[in-house]
1. Run down B:Leu189, B:Leu224, B:Leu183, B:Leu212 and say which single residue is on the phi < 0 side of the Ramachandran plot and surrounded by fewer than 20 Cβ atoms within 10 Å (Cβ to Cβ).
2. For segment B:314-334, which positions are out of contact with any Lys or Arg (no Cβ under 7 Å at 6 or more places or on another chain) and modelled with pLDDT of 80 or more?
3. Residue check, C:Ala145 against (1) surrounded by fewer than 19 Cβ atoms within 10 Å (Cβ to Cβ); (2) of a type in the set (Gly, Ala, Ser); (3) modelled with pLDDT of 90 or more, all met but one. Which one?
4. Under the condition of being part of a loop (DSSP other than H, G, I, E, B), over 19 Å from the mean Cα position of the chain (by Cα) and hydrophobic (A, V, I, L, M, F, W, C), which residue from segment C:232-267 is modelled with the highest pLDDT?
5. With respect to A:Ala223, determine if the residue is surrounded by fewer than 17 Cβ atoms within 10 Å (Cβ to Cβ), assigned by TED's automatic domain parsing to the domain that holds A:Ile118 and small (Gly, Ala, Ser).
6. Could you check B:Lys66 against (1) at pLDDT 90 or above; (2) over 16 Å from B:Ala37 (Cβ atoms) and say which number it fails?
7. May I ask you to say which residue of C:Leu281, C:Leu232 is more than 10 Å from chain A (Cβ to nearest Cβ) and buried (at least 24 other Cβ atoms within 10 Å of the Cβ)?
8. Taking the residues in segment C:169-227 that are β-branched (Val, Ile, Thr) and farther than 25 Å from C:Asp287 by Cα as candidates, determine which candidate is farthest from the chain's Cα centre (by Cα).
Amino acid sequence: MARYFFGRLISTIPVLLGITLFLFFILRALPGDPAAVIAGQTATDTEIELIRHQLGLDKPVIVQYKIFMTRLVMLDLGNSTRTQNPVIEEIRPRLVNTVLLALVATLIACILGIPAGIVAAVRPYTWMDNLVTILALFGMSMPAFWLGLMLIVIFSVNWHILPVGGAGGIEYLVLPAITLAAYLIASIARNTRSSMMETLSQDYITTAHAKGVSEKVVIWRHALKNSFIPIITVIGLQFGSLLGGTVLTETVFAWPGIGRLLVSSILGRDYPMIQGIILVFALLFVLTNILVDLIYVFLDPKVRYG
Amino acid sequence: MVCATPWIRGWAMNSDSILSIRDLQVSFKTFDGDVRAVNGFNLDIGASETVGLVGESGCGKSVTAKAILGLLPKKAAMVDGQILFRNQELLQLPEKEMLRIRGNDISMIFQEPMTSLNPVMKIGDQIAEALVLHQDLSWTQARKKAIEMLDRVHIPSPEVRVGNYPHSLSGGMRQRAMIAMALSCQPALLLADEPTTALDVTIQAQIMELMLQLQTKLNTAILLITHDLGLIAESAERVLVMYAGRVVEEAMVADLFHDPLHPYTKGLLGSVPVLGAKFKSGSKSLDEIPGVVPSLFNLPDGCAFHPRCPKAMDICRKEMPPQTLFEPDRKVSCWLTTEKGVDHDAA
Amino acid sequence: MASQNTELLPAAEAVGSSQWQRGVAKLLRNRAAVVGGIIIVIFLLSALFAPILYPGNPNAPNLIHSLERPSASHLLGTDQLGRDILGRILYGGRVSLTIALGSVAMGMIFGIPLGLVSGYFGGKTDFLVQRLTDIMLSFPPFILALALVAVLGVGLKNTLISVGIAGIPHTIRITRGCVLSIREQVYVEAARAVGTRDSVILVRHILPNVMVPIIVNSTLFLGMAILFAAGLGFLGVGIQPPTPEWGTMLGSGRSYLFAAPHVATFPGIAIFLVVLGFNLLGDGLRDALDPRMGYE
């Protein structure tokens, strides 16, 4: 098992390299001159040239990449062009907030989505199933940022029970987490339903029934573990959408995370920041996928015991 | 020639039988209409008897077995008739009582050992589950007993195998494990649905031998469902031949093979290739029954076999022949052998 | 020996046309899919006939009537610049439609050939394409679109390109997966044995079979594209005002959430309904056409 874990980590290195390469090159493919942008509109050519030299933009691209990578390994992502602080320093406190939001949202999604999917699968085509299916479809079609705004209108403007935005105690976490979780709840519910239905149609479920096992025990002891494997896979795949969703949700609720920071960086053309944050997002996604792979291995005895 | 006595419907349970089925009807609701999978099925099985149920794919044999144990989907399947097991009418029994019978008094084993065992549950636990449910053992005790059962079905190193997952076992071993699971609570009746079809021929023989051995030891009756006539000839005492949801002939095995009465049975037996034999018609190809099995959506009127029967008469096209008793221990559903028929087959 | 089949089909049917016929029949029986289809048709028609349904300039400010609640003259009210919201939603539909169709078309134009070539020929091409796809898929899709917008800039064209590119890796994956399973089929081997050229095999045998999962996924992706574009618009990095785009309208309406929530509410409902329509239709298509084709 440990060997598998190690092997997976090793195999992500080329992917990570690829990510940095990809990011590096597309960010430099910009039609425009970051030095000029930073220098400002009234700058003279000499001043722009100076800044360009400072940023190392006058060197050949390969050399730039080498410098970039060496700095990256030492966790130096450059400085923000707006605040002049190291990018790492700006990201670090906000990263915690984003991860917190994402984890809470995932937890909510599992707690609500999985049981809903199970109920729908066990009583297919009844009103319960139809309700779950319809709600799930709604959840997947709803723009998260709109949902967030509607929740604010209802809970903050009209009823005054929850704050509009910002951070603080737990009450600030509620609406953003629910908004972020909406799509995932729907996705998990649908996938749990189809996965369970698939499992319940398998031969070994008939065998269990033929043994005299009651329906509840069949679901709990025989079906669930088999259904979990595809569900976990889906959570892993959808985590990417979740991370993308943080950008929108944090903006709506003014949640101090890296999502909101990314937006302001794009609007402010803070390229080192943009680069740094996107790298962090990609890294989070890759790590989550490895984690999901591990859980998968743990659950499936065929892989574990060979 | 020989007179037939019509078999009375609703005949009371034969005192020797542990299972008596009368006029079992099973229909499925599908999008394109109702499908009658079983159409008037009758059966008696005595204690420790081995009865074979033979027929082609789709004739309703598996459905019958599942109906006995109440394993058909409750919403889609409509089941009617009488199934008496030890004086209990199974079709009227509440689910709680059925749970006690399944795996305990009546067990079932299935065709595909690959897919019939839970891939994420250890073999030992799957066997132990039945024991915990029905024999009031603790899980530790049940697991110990599971090792014994694995030994009984001749799986080597049972103490090790008990902790294995199904994918580490070969097909034959998996089927043995299934048998261990089914017989762990010493049921009075074992329903074996094509138990050897998915296995290699040599393994088939071993598995059948094992089943018959255990049957004697445990006093279990077996309903052996298969499409393999050879298997029936070797293992069963009595046999029922099924076609399109009905039993067309029932006899002791020796009688059936020696002197089949129903044209379908004759066709089945005639089409089995025999090494070195010359075919009746003198041709070099296998005798086959012309036509195909009818779609259950579109069963012919009268006798379901009449479109393919070489001896079909007018009445065969209009009315379904009742199952009639014809000599002791011989039942046939064919107009040729009842009094109504004009043309009697002389053979 | 008699046949093992219990179901007598009238004759051996060719797979091609009857499969489609059966699929369409099954689709029409699916009420949810039909509802989805109706929504989409309404959407298409209202986008096409927007100038007739709302004569006049939807972008022209009319400050006297700013932030009015829904009324007889303005069915959905007016926004902060006094513009009729219903009219802007209708015109916004055109924008959303353009982006949806454009980005999905992009995905197909680049994704299908790459997937076909990668899956069919294997080897180094496959390795390269796969690694590139892996890398692109390591980014959360919306983040990838954001990165592209950061590079390319804002506006309709760039939004379309960004969303389109973000969808290419997914299309490649689906196409390739499909090709891999078809490639091993006996009829492909037979065609090759007879000497058919690869290009002909690709077009005649493989492409038609690939189209089935592609169509299903594209329908679902149309909805996704609209969501993505709206998200970018909401953040202010997508389509810029005064062009009416539902997400952009939501974004500008956000400041007036307390005083005039209707400005943000109605564009959101529009997005929701259209995406729902595509999802219903896409799901229905997936159920109706071969469910065995193995895609997400």
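1. Working: B:Leu189 fails: surrounded by fewer than 20 Cβ atoms within 10 Å (Cβ to Cβ); B:Leu224 fails: surrounded by fewer than 20 Cβ atoms within 10 Å (Cβ to Cβ); B:Leu183 fails: surrounded by fewer than 20 Cβ atoms within 10 Å (Cβ to Cβ).
Exactly one of B:Leu189, B:Leu224, B:Leu183, B:Leu212 is on the phi < 0 side of the Ramachandran plot and surrounded by fewer than 20 Cβ atoms within 10 Å (Cβ to Cβ), namely B:Leu212.
2. Within segment B:314-334, the subset out of contact with any Lys or Arg (no Cβ under 7 Å at 6 or more places or on another chain) is B:314, B:316-322, B:326-332, B:334.
Within segment B:314-334, B:Asp314, B:Cys316, B:Arg317, B:Lys318, B:Glu319, B:Met320, B:Pro321, B:Pro322, B:Arg330, B:Lys331, B:Val332, B:Cys334 qualify.
3. Of everything listed in (1) surrounded by fewer than 19 Cβ atoms within 10 Å (Cβ to Cβ); (2) of a type in the set (Gly, Ala, Ser); (3) modelled with pLDDT of 90 or more, C:Ala145 misses just condition (1).
4. Narrowing segment C:232-267 to residues part of a loop (DSSP other than H, G, I, E, B): C:236-245, C:257-261.
Still in the list and also over 19 Å from the mean Cα position of the chain (by Cα): C:236-237, C:240-244, C:257-261.
Restricting the remaining residues to those that are hydrophobic (A, V, I, L, M, F, W, C) gives C:237, C:257-260.
On the way: C:Val237: 90, C:Leu257: 81, C:Phe258: 81, C:Ala259: 81, C:Ala260: 83.
Ranking the candidates gives C:Val237 first.
5. Working: surrounded by fewer than 17 Cβ atoms within 10 Å (Cβ to Cβ): no; assigned by TED's automatic domain parsing to the domain that holds A:Ile118: yes; small (Gly, Ala, Ser): yes.
Spelling it out, it is not the case that A:Ala223 is surrounded by fewer than 17 Cβ atoms within 10 Å (Cβ to Cβ), assigned by TED's automatic domain parsing to the domain that holds A:Ile118 and small (Gly, Ala, Ser).
6. In the conditions (1) at pLDDT 90 or above; (2) over 16 Å from B:Ala37 (Cβ atoms), B:Lys66 misses (2) alone.
7. Details: C:Leu232 fails: more than 10 Å from chain A (Cβ to nearest Cβ).
That would be C:Leu281, the only listed residue that is more than 10 Å from chain A (Cβ to nearest Cβ) and buried (at least 24 other Cβ atoms within 10 Å of the Cβ).
8. Of all residues in segment C:169-227, those β-branched (Val, Ile, Thr) come to C:171-172, C:174-175, C:179, C:182, C:186, C:188, C:194, C:196, C:200-201, C:203, C:206, C:210, C:212, C:214-216, C:219, C:226.
With the extra rule that they be farther than 25 Å from C:Asp287 by Cα, the set shrinks to C:186, C:188, C:194, C:196, C:200-201, C:203.
Values: C:Val186: 33, C:Val188: 31, C:Val194: 39, C:Thr196: 35, C:Val200: 29, C:Ile201: 28, C:Val203: 24 Å.
Here the answer is C:Val194.
The values are calculated or read from the model by the stated rules, or taken from the named source; none is laboratory data. Quick caveat, the model's predicted, so the values are computed rather than measured. All Cβ positions, even for glycine, are placed from backbone atoms using ideal geometry, and neighbour counts span all protein chains on display.
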